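A.B. asks: Just dropping this structure here.
FYI, it's all coordinate maths here, none of it is from the lab. Remember, predicted model here, so these are calculated numbers, not experimental data. Here the Cβ positions follow ideal geometry from the backbone for every residue, glycine too, while neighbour counts run over all protein chains shown.
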Amino acid sequence: MSDVSEDSRSRLPDLQHGSKAVTISEIAAQAGVSTPTVSRVLNRRSDVAPQTRERVEQLLRAHGYRRRGLRSDERAGLIDLVFNDLDSPWAVEVIRGVEDAAHAAAVGTVVSAIHRRRSSARQWMENVRARASDGAILVTTALDPDLHDELRQLHVPAVVVDPAGLPDLDVPTIGASNWAGGLSATEHLTGLGHRRIAHISGRPGLWCSRARLDGYRAGIESIGLDVEPALVVQGDFNYTSGFTAGTRLLDLAEPPTAVFAASDEMALGVYEAVRRNGLRVPEDLSIVGFDDLPQARWGSPPLTTVRQPLAEMGMAAVRTVLRLLNGEQLESSKVELATEVVVRESTTAPLTSHA
């Protein structure tokens with residue numbers, strides 16, 4: 001006679017492996033236990049031996065089995081936060097926002113870097129299966145369609161922060177108004193009287209890089225000037241590329257009087273190029289950055305920059321994941337938080353007016 005009633009069978013949690021429905025009896029057979037034992041593990045009953053519980057849970061994790069419609073008290077209480085790289089203060093600001101919002105919601109976070117390698121992304125996916133994470137936040141990346149499908153099959157909602165491109169998947173995104181930020185940075189400089197304004201763009205191929213460059217172009221064209229190709233130099237968001245680009249700009253026969261760099265780190269790299277040329281900021285070259293990282297305030301002089309609400313973006317991503325987990329409807333799948341120019345001491349009117 002079976003030791004599980006028809007009534008209890010009807011209440012057994014629904015399991016999935018990918019898109020294929022599976023039965024508790026299949027799990028029980030692999031674990032060498034009875035079907036009611038698996039049910040007790042799934043329902044977090046205390047009357048299961050620790051070794052047996054661990055064996056069943058390992059099988060569930062290994063095969064990616066998850067129950068549908070988990071109540072809040074049945075979740076793992078974990079959100080995965082994934083970066084391409086973790087070598088920038090920019091990432092620290094996003095982590096800070098994610099941690100603040102997750103802590104307020106009594107949720108833990110797991111931070112990973114995949115270094116733009118498919119093998120690392122695959123390993124991360126296996127880790128998500130193993131720890132049964134409730135949600136995933138991916139930062140400055142394109143969500144691979146295969147990974148997206150796996151996350152969806154596992155009922156793990158995903159949110160992309162600062163998407164690498166225009167997402168073609170049905171995934172919520174959290175970003176900043178990059179175009180408006182690029183425009184306002186340029187308008188700040190033109191308002192001071194600068195006309196020969198250079199731009200150091202960010203990593204090629206990223207949506208934020210293109211949007212900031214387009215905002216710069218709009219700002220130049222709004223005062224009736226054409227963008228001079230020699231004044232647009234490719235960077236890579238880091239200090240070294242800012243220094244290299246700044247050196248190149250200062251070596252021009254007619255160097256710019258101002259530079260808008262697409263990141264604070266690149267802007268600080270330009271500071272060093274100015275110093276090595278025996279010049280001064282802002283007397284010889286006004287500089288505007290983008291991000292408003294803590295070191296922007298520590299520069300000598302403190303850096304005028306476009307504040308990107310990085311911590312707030314991280315907080316918004318956590319709240320979006322939690323809303324998806326709770327089955328709530330989102331007002332919009334694409335959120336852009338406002339940017340603003342923070343004026344400090346690295347910008348002033350040019351010594352020679354071009355007005």
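A.B. asks: Using Stokes-Einstein with the Kirkwood hydrodynamic radius over Cα pairs, what translational diffusion coefficient do you get for the stretch 222-286 at 10 °C and a viscosity of 1.306 mPa s, in µm²/s rounded to a whole number? Each step should come with its number before you reach the end.
C.D. replies: Numbers: Rh = 11.9 Å.
For these conditions, the coefficient is 134 µm²/s.
A.B. asks: Same structure again: For the stretch 254-355, what are Rg and Dmax over the alpha carbons, in angstrom?
C.D. replies: Expressed in Å, the Cα Rg and Dmax of the stretch 254-355 come to 18.3, 60.
A.B. asks: Compute and list, largest first, the equivalent-ellipsoid semi-axes of the stretch 78-137 from the alpha carbon gyration tensor, each √(5λ) rounded to a whole angstrom. Spell out each step's value before the answer.
C.D. replies: On the way: eigenvalues 75, 57, 6 Å².
Square roots of five times the eigenvalues give 19, 17, 5 Å.
A.B. asks: Restricted to Cα positions, what overall size does the stretch 187-239 have along the principal axes? Three whole-Å values, descending.
C.D. replies: Ordered largest first, the stretch 187-239 gives principal extents of 29, 20, 19 Å.
A.B. asks: Counting Lys and Arg as +1 and Asp and Glu as -1, each charge on the Cβ, what is the dipole of the stretch 96-182 about the Cα centre in debye, to the nearest 20? Intermediate values should be presented prior to the final figure.
C.D. replies: Values: 8 positive and 11 negative charges, 63 e Å.
My answer is approximately 300 debye.
A.B. asks: Would you mind listing how long the stretch 210-259 runs along its three principal axes, going by Cα atoms, in whole Å with the largest first?
C.D. replies: 31, 27, 15
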